[in-house]
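Read-outs: derived from the displayed coordinates by stated rules, not from any lab. Not measured: the values here are computed from a predicted model. Neighbour counts are summed over all protein chains in view; Cβ atoms, including those assigned to glycine, are modelled from backbone coordinates with ideal geometry.
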Amino acid sequence: KLLPQNRTLLWLMVASGFFTTLNNGSFFTAIQVSSVAVGVLTHYLMPLLVTVIFAPFVLKEKVSRKNLLISIIGFVGLFIILWPDIKNSTLNLGALLGAISAIFFAASVVIDRKVGKLGVSAKASVFYKNLVPAILMAPAAFWLGSQGHAYQSFDFLGIAIYGIEQHVHIKSRQ
């Protein structure tokens, strides 16, 4: 069943898709304006944000000492890796966009957890999480196509593989 029982659940799933769109946009822009390393490292602030901020304050979940310690170690590791850029004041827009993508990613994950606790099927959740970005990003894809950026058959193969992966993921949760 793809339509949720009430409008609140529908809006939560649409919000998750919206945050996914913002996550993807800021993450790929971070990689484009800096490097893959900086974009990925800062993007993976997400577990720290979910564990330390969103879970206790939004979901009212208790944070175990183990998860808190792991999150702190992860943050210290990120800080150590980025230290040369911080020290030289060269931490750039890519790092900022990567961190912003982590915030949107965390928001999406928290909404998904909340929706799951409210009894929405994994199939419906994944459907909206992918439908909303597809709708929101379609104009940009068509615009890029009109600007001479050719679509390749490999792009469509990637989309097909992603769809199959999502189907297998949903089936594994049932």
- prompt: Considering Thr51, Thr8, Thr20, which residue is within 15 Å of Val110 (Cβ to Cβ), of a type outside the set (A, V, I, L, M) and without any contact (Cβ under 8 Å) to a residue 24 or more places away in the chain?
  reply: Thr51
query: Restricting to the range 1-50, what's the tally of residues that are hydroxyl-bearing (Ser, Thr, Tyr), buried (at least 20 other Cβ atoms within 10 Å of the Cβ) and in a helix (DSSP H, G or I)?
result: 4
message: Could you list, ordered by first residue, the pairs with Cβ atoms under 6 Å in which the first is in the range 86-97 and touching a residue at least 12 places away in the same chain (Cβ under 8 Å) and the second is buried (at least 18 other Cβ atoms within 10 Å of the Cβ) and small (Gly, Ala, Ser), at least 6 apart or interchain?
response: Asn92/Ser34; Gly94/Ala30; Gly94/Ser34; Gly94/Gly39; Leu97/Ser26; Leu97/Ala30
